[in-house]
Amino acid sequence: MYSYYNNDTILYLDGEYLKATAATTDLFGQSLHYGYAVFEGIRAYKTANGEVKVFKAKEHFDRLKRSCELIHIPYNFDNDELIAACYKVLEMNNMEEAYIRPLVFCPPNMTLKAASKSNILICAWEWGAYLGEKLLRIMTSSFERPNPKAFQIESKSAGLYVNSILASQEAKQKGYDEALLLDMNGNVAEGPGANIFFEKDGKIFTPPPGNILPGITRATVIELCHELQIPLEEKLFTIDELKQADAAFFCGTAAEVVGLESIDGQTFAKPWASSLGKVLQQAYKAKVLEKTFQREAQLA
Ligand code: PMP
């Protein structure tokens, strides 16, 4: 089992820095019982000039706040203070490259009323490539993403992740690396913890916001497409259209940009090494490390 902390690990809880082994929570908490909590996943990188930088910290904390607002969890925190707390947690744990997990959770309340108070935890651990380095063999999940009419789908809420766990587990049980979930209309939505893109005839496609988590990595990949003058279109598409793609990839904070080998056993036409996804993967890595990236140099 992966150990997320040890006897020396320090975390941030409601304004204080505590040993992880000394921090406690209430077993009667509304979040624990009903999944009524909100979280983020952020990465810190040691950049080219040797500084530790939390990538897109503001965007992640803005999303944390919005996620809470969408499901009526009070958010009485100052995001600049929380960003400073991320750096302090990294420093106190002697971490440079790490995954940072803010979690907003609610005190005891066994009714179904919205919370009137919330707590915040920020912890961090060292995490390599979440979905591995190699190309992924994915399968179309028998689980759909939750219908946006049944949930605030753009809120990164803890309870929503039972759907992700079910889909991921099913895929692994069937011998695949990861799942791909459709939306309630049968269009491709996203992976259990990552957004999807595909390449066809020199152009990149990804589903529009609406039935997906609007990923921060997704936004970065879109920015990179603009910077690198790679044509991009946000549109709904079916699994059959995806199977006809030249290449495809997942992206997310934990997964970064990771190429797909096959879907439901059907491989993509183009070798990953010569795909636009590979260019975007390298450009993403350069961006988080604050290195300059020249597409021509990469393709040469
Ligand atoms: N979709 C889902 C369901 C996710 O859990 C994640 C990971 N947060 C993503 C997409 C990618 O989001 P981001 O790039 O902001 O990490």
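The values are calculated or read from the model by the stated rules, or taken from the named source; none is laboratory data. Just so it is clear, the structure is predicted and the values come from calculations on it, not from any experiment. We place every Cβ from the backbone using ideal geometry, glycine too, and count neighbours over all the protein chains shown.
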Going through (1) at positive phi; (2) touching a strand residue (DSSP E or B) at 6+ places or on another chain (Cβ under 6 Å) one by one, K56 fails only at (2)
Can you report the number of residues in segment 253-270 which are surrounded by fewer than 23 Cβ atoms within 10 Å (Cβ to Cβ) and either in a strand (DSSP E or B) or free of Cβ contacts under 8 Å to residues at least 24 places away in the same chain (or both)?
6
Please indicate, with yes or no, whether at least one residue in segment 227-238 is among the hydroxyl-bearing types (S, T, Y), within 16 Å of the ligand (Cβ to nearest atom) and modelled with pLDDT of 95 or more.
no
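Residue by residue, here is whether (1) modelled with pLDDT under 95; (2) surrounded by 18 or more Cβ atoms within 10 Å (Cβ to Cβ); (3) over 22 Å from L103 (Cβ atoms) holds:
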| position | (1), (2), (3) |
| --- | --- |
| I122 | no, yes, no |
| K134 | yes, no, yes |
| I138 | no, yes, yes |
| S141 | no, yes, yes |
| E144 | no, no, yes |
| Y161 | no, no, no |
| S164 | no, yes, no |
| G175 | no, no, yes |
Within segment 189-203, track down each residue that is among the acidic types (D, E) and near the ligand (Cβ under 7 Å from one of its atoms).
E190
For the list (1) free of Cβ contacts under 8 Å to residues at least 60 places away in the same chain; (2) in contact with an Asp or Glu (Cβ under 8 Å, 6 or more places away or on another chain), I need the number of the one condition that P214 fails.
(1)
If we take segment 46-138, then strands (runs of 3 or more DSSP E) inside it with 2 or more residues that are farther than 23 Å from K287 by Cα are 98-105, 119-125
Condition check for A129: loosely packed, with under 12 Cβ neighbours inside 10 Å and of a type in the set (A, V, I, L, M):
yes
Only one residue in Y45, Y12, Y34, Y17 is in contact with a Gly (Cβ under 8 Å, 6 or more places away or on another chain), surrounded by 13 or more Cβ atoms within 10 Å (Cβ to Cβ) and modelled with pLDDT of 95 or more, so which one is that?
Y34
Among the residues of segment 71-94, is any out of contact with any helix residue (DSSP H, G or I) (no Cβ under 7 Å at 6 or more places or on another chain) and within 16 Å of the ligand (Cβ to nearest atom)?
yes
Tally of residues being more than 6 Å from the ligand (Cβ to nearest atom) and of a type in the set (S, T, N, Q) across segment 204-218:
2
Tell me, which residue of segment 147-162 that is of a type in the set (A, V, I, L, M) and assigned to a loop (DSSP other than H, G, I, E, B) is nearest to the chain's Cα centre (by Cα)?
I153
The condition from (1) under 18 Å from the mean Cα position of the chain (by Cα); (2) hydrophobic (A, V, I, L, M, F, W, C); (3) over 30 Å from R66 (Cα atoms) that I239 misses is numbered (1)
Segment 277-294 residues that are crowded, with 18+ Cβ neighbours inside 10 Å, paired with ones that are outside any loop (DSSP other than H, G, I, E, B) and among the aliphatic types (A, V, I, L, M) (beta carbon under 6 Å, 6 or more apart)
G277/A247; L280/V221; L280/L224; L280/V257; Q281/V257; A283/L224; Y284/V257
